[in-house]
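Coordinate-derived values only; no laboratory data. Computed from a predicted structure; not experimentally measured. Neighbour counts run over all protein chains shown; Cβ positions are idealised from the backbone, glycine included.
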């Protein structure tokens, strides 16, 4: 596995070694020791999967403490523009975002530690998105930030995605009060 640090501290891009031949391919999608070698101690307790049509945008979501979640995210089928926004108040990159295309061909995984809002835009029909979480989902701790917030100014490369009513009503960053240090 090749692990690359991004310009936002703690956010990692993980590219597996893919072994392929005329039968297909094989790769390790996760190794706990690979993260451990970087000083990241994780225990995943929940796996989630979603399937979405093209141009569906999900996010920007997070879980507040004490139910904060680190996420290891990847695409099984299709493609997404994956986005993480730093919502750690004391971070020099507070309010900054990082995006990466994750797709079934590059098999890239993104490690998103606690303290980030996360979202993705599907780039292909029937995209299957999987993520491992370090904490259980807790409805009372869920939070969100508006996907098209003008202060964050994410370049989603689309002006009219398919969005849930809940995500359309998410608060703006200007009124957001982070519970992450």
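Per DSSP H run of at least 4 residues, take -39500 (n - 2.57); add these up for the chain, divide by its residues and hand me the 222 nm value, nearest 500 deg cm²/dmol.
Helices in the chain give a 222 nm mean residue ellipticity of -1000 deg cm²/dmol.
Let's test the formula: R0 of 30 Å, r as the Cβ-Cβ distance of residue 31 and residue 175. What FRET efficiency results, to the nearest 0.05?
Result of the calculation: an efficiency of 0.15.
Quick one: grab the alpha carbon gyration tensor of the stretch 105-181, order the square roots of its eigenvalues as a ≥ b ≥ c, and give me rounded if a/c is under 1.5, else prolate or oblate depending on whether a/b is larger than b/c.
Oblate, since a/c reaches 1.5 and b/c is not below a/b.
Return the percentage of antiparallel bridges among DSSP beta bridges fully within the chain, rounded to the nearest 5 %.
95
Work out how much length residue 96 to residue 44 would gain on full extension: take 0.36 nm times their residue separation and subtract the Cα-Cα distance, in nm to one decimal.
16.1 nm
Peptides 172-178, 39-45: what's the order by average Cβ count within 10 Å, highest mean first?
172-178, 39-45
Have a look at 132, 96, 166 and tell me which one the Gaussian network model of the chain (Cα, springs below 10 Å) gives the largest fluctuation.
Result for the chain, Cα springs under 10 Å: 166 fluctuates most.
Quick check: pseudo-label points 7 Å beyond the Cα along Cα→Cβ at residue 89 and residue 105, how many nm apart are they?
Each label point lies 7 Å from its Cα, and together they span 4.5 nm.
On a C-alpha basis, how far is the centre of the stretch 127-177 from the centre of the stretch 43-114 in Å? Whole number, if you could?
That distance is 10 Å.
Principal axis extents for the stretch 61-165, Cα atoms only, whole Å, descending order, please.
35, 30, 29 Å, listed from the longest principal axis down.
Neighbouring Cβ atoms within 10 Å as the yardstick, rank 13, 51 fewest first.
51, 13
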